[in-house]
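Novice: Below is the structure I would like to discuss, written out as structure tokens.
Just so it is clear, none of the values below were taken in a lab; they were calculated from the coordinates. This one's a predicted model, so the numbers in the text were calculated from it and none came from an experiment. Cβ atoms come from the backbone with ideal geometry, glycine included; neighbour counts cover every protein chain shown.
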Amino acid sequence: ILNVEQSPQSLHVQEGDSTNFTCSFPSSNFYALHWYRWETAKSPEALFVMTLNGDEKKKGRISATLNTKEGYSYLYIKGSQPEDSATYLCALLTGNQFYFGTGTSLTVIP
Amino acid sequence: DAGITQSPRHKVTETGTPVTLRCHQTENHRYMYWYRQDPGHGLRLIHYSYGVKDTDKGEVSDGYSVSRSKTEDFLLTLESATSSQTSVYFCAITSGGNTGELFFGEGSRLTVL
């Protein structure tokens, strides 16, 4: 069992604020790092799949970076909107198994 | 949307009864996973499959068994349900490799009384 940690556990921000959260993982067991967005009453959906040290991915106002040597990834949201409210999960792929963090719950207040 | 469906979506059962959840995919993906989601624990892997008749245990496999007799179906069975198995169960599929993202089913909410 690998320990994937996410922080903070929850976050409330005002509309228009930028924010970021962290995913930490054991660097010695790395194949890929995934970020998923999970809205209430829906299923998780993939945001990014990151495989290389130094990877930076961007989708609209959301971006992510990866440091495999020190075992962390950051997810950034620029100019948060109410529709960004969701739980953001990271998952470490090692071998054939995905190990999920417990997620960061983001609430964007209009 | 990835073609992945779970059934049943909701089930209430009594302690000691057997329960089977079904995950069906139309994507011909090699890998299929069963997770349970509980407050404070996120998604925890129960079992997974890397091909027909090829399965392996995850971190919370006790009390669960699985079967995959064809590519499209992955069954999760609780031989004798207990209240601790009340949870939301998610199936996920991926084509594999280190760039393959997971596609999730809609979830199956199981309540064991």
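Novice: Does segment B:4-25 include one or more residues that are of a type outside the set (Phe, Trp, Tyr) and under 19 Å from A:Asn96 (Cα atoms)?
Specialist: Scanning segment B:4-25 turns up at least one residue that is of a type outside the set (Phe, Trp, Tyr) and under 19 Å from A:Asn96 (Cα atoms).
Novice: Got a sec? Which of A:Glu83, A:Glu39 is surrounded by fewer than 15 Cβ atoms within 10 Å (Cβ to Cβ), under 14 Å from the mean Cα position of the chain (by Cα) and more than 9 Å from chain B (Cβ to nearest Cβ)?
Specialist: So the residue among A:Glu83, A:Glu39 that is surrounded by fewer than 15 Cβ atoms within 10 Å (Cβ to Cβ), under 14 Å from the mean Cα position of the chain (by Cα) and more than 9 Å from chain B (Cβ to nearest Cβ) is A:Glu39.
Novice: Restricting to segment B:10-41, name every residue that is closer than 14 Å to B:Gln85 by Cα, part of a strand (DSSP E or B) and of a type in the set (Ser, Thr, Tyr). Reasoning before the result, please.
Specialist: Within segment B:10-41, the first condition is being closer than 14 Å to B:Gln85 by Cα, and the residues that meet it are B:10-21, B:34-39, B:41.
So of that shortlist, the ones also part of a strand (DSSP E or B) come out as B:10-13, B:19-21, B:34-38.
Passing the criteria: B:Thr13, B:Thr20, B:Tyr35.
Novice: Output yes when any residue across segment B:6-24 is surrounded by 15 or more Cβ atoms within 10 Å (Cβ to Cβ), within 11 Å of chain A (Cβ to nearest Cβ) and under 17 Å from A:Ala91 (Cα atoms), and no when none is.
Specialist: Within segment B:6-24, not a single residue is surrounded by 15 or more Cβ atoms within 10 Å (Cβ to Cβ), within 11 Å of chain A (Cβ to nearest Cβ) and under 17 Å from A:Ala91 (Cα atoms).
Novice: Identify the residue in segment B:69-83 that is within 11 Å of the chain's Cα centre (by Cα) and not hydrophobic (A, V, I, L, M, F, W, C) and, among all such residues, is nearest to the other protein chains (Cβ to nearest Cβ).
Specialist: B:Asp73
Novice: Would you be able to say whether some residue in segment A:19-41 is farther than 22 Å from B:Gly42 by Cα and part of a loop (DSSP other than H, G, I, E, B)?
Specialist: There is no residue in segment A:19-41 that is farther than 22 Å from B:Gly42 by Cα and part of a loop (DSSP other than H, G, I, E, B).
Novice: Here's something else I'd like to know. So the check is Cβ under 8 Å with 6+ separation or different chains; which pairs have a first residue in segment B:43-71 that's free of Cβ contacts under 8 Å to residues at least 12 places away in the same chain and a second one that's surrounded by fewer than 14 Cβ atoms within 10 Å (Cβ to Cβ) and in a strand (DSSP E or B)?
Specialist: none
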